[in-house]
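Accompanying notes for the structure given below.
The values are calculated or read from the model by the stated rules, or taken from the named source; none is laboratory data. Quantities reported herein were computed from a predicted structural model and do not represent experimental measurements. Here Cβ is always computed from backbone atoms with ideal geometry, including for glycine, and neighbour counts include all displayed protein chains. Side chains included, ligands, DNA and RNA excluded: accessible areas come from the protein's heavy atoms. Shrake-Rupley method; radii C 1.70, N 1.55, O 1.52, S 1.80 Å.
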Amino acid sequence: MKRRKLLIVLLCFMFAFSVTACGGSKSDDSTDAGKGEETKEEKQEEDPTIEITGEEVTSGTLTVTLPEGWEVCPNERDNNWEANETYKVLESANKKESGGSVYGDVYVTFELSDYSEIGKAYNEDLIKEMVEKYGDEEFGLPKEYTFNDNVYLGYRQYNYVGDSAEDWAYLCYGSDGKLIEIRAYNDGDVANDENRAAIKMILASLKINGEPVGIE
């Protein structure tokens, strides 16, 4: 009789332990799932979907959307991708003219690179030197940036204006496999959230042969 009672107690104990273990396992899975959700949310915050609105313009194989208040640079050499493999758009409010040429304090230029490989299109040692000089490790070193379907290798440039402006370089390949160099310039005196967002939208809208651009 005592043996039977002992056996019953032992069975109850084993049952209770198994339930606890199952509960613990479920809790761990729940925690892991939560971590996965957080990672996904963080990714969404880093790479939010950018709404593309405005006038779509095309030159040869290049297509880009101009935000409201932007225009194609009127200089002939700067707005013919098919003939000169260069294209420039600028914010109208900050357009300037000098000696018959038009330029701007906020603009984006697209140019077919003389290089065929991303790694050869920039001087890594010089970039590191500038990053150290200006203490800009967060943005200075080349890293991947995603704007909608477009993926770029982007980094700050200090070649011409030091740290007085928001001068960025972006590198990517078009669907034709050719390397494209993009300069996104925003003078420090006129930089604001609106034109920063406009530049991101332009980068998000770029298509070559109707296809997204990327670093591979």
- Task: Name the residues whose placed amide hydrogens come within less than 5 Å of the amide hydrogen of K178, ignoring near sequence neighbours (fewer than 5 apart) on the same chain.
- Result: none
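Beyond 20 Å, what share of the Cα-Cα pairs of the stretch 57-201 is found? Please give it as a whole percent. Write down the numbers at each step before the final one.
Values: 5136 of 10440 pairs.
It works out to 49 percent of all Cα pairs.
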- Length gained if E71 through D114 is fully extended, taking 0.36 nm per residue and subtracting the Cα-Cα distance, is 12.9 nm
- Message: Per 0.36 nm of contour for each residue apart, how much would the distance between N123 and R183 grow if the chain were fully extended, relative to their Cα-Cα spacing?
- Response: 20.0 nm
- Item | Estimated distance in nm for a label pair at T49 and A191, the labels positioned 7 Å out from Cα along Cα-to-Cβ | 2.9
- Item | Residues whose placed amide H lies under 5 Å from that of C73, excluding near-sequence neighbours | K88, V89, L90
- Query: Which ³J(HN,Hα) values in Hz, rounded to whole numbers, follow from the phi angles of the stretch 127-134 under the Karplus curve 6.51 cos²θ - 1.76 cosθ + 1.60, where θ = phi - 60° and Gly and Pro get x?
  - Reply: 4, 4, 5, 5, 4, 5, 5, 9
- Query: Once the whole set of protein chains is in place, how much accessible area is left on E55, using a 1.4 Å probe, in Å² to the nearest 10?
  - Reply: 110
- Message: 7 Å from Cα along Cα→Cβ at both D136 and V102: what's the point-to-point distance in nm?
- Response: 2.8
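Only Lys, Arg, Asp and Glu count, each charged at its Cβ (+1, +1, -1, -1), so figure out the dipole size of the stretch 72-216 about its Cα centre, rounded to 20 debye.
Numbers: 14 positive and 30 negative charges, 54 e Å.
That gives a dipole near 260 debye.
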- Task: For I182, I52, give the ranking by accessible area with the largest first, probe 1.4 Å.
- Result: I52, I182
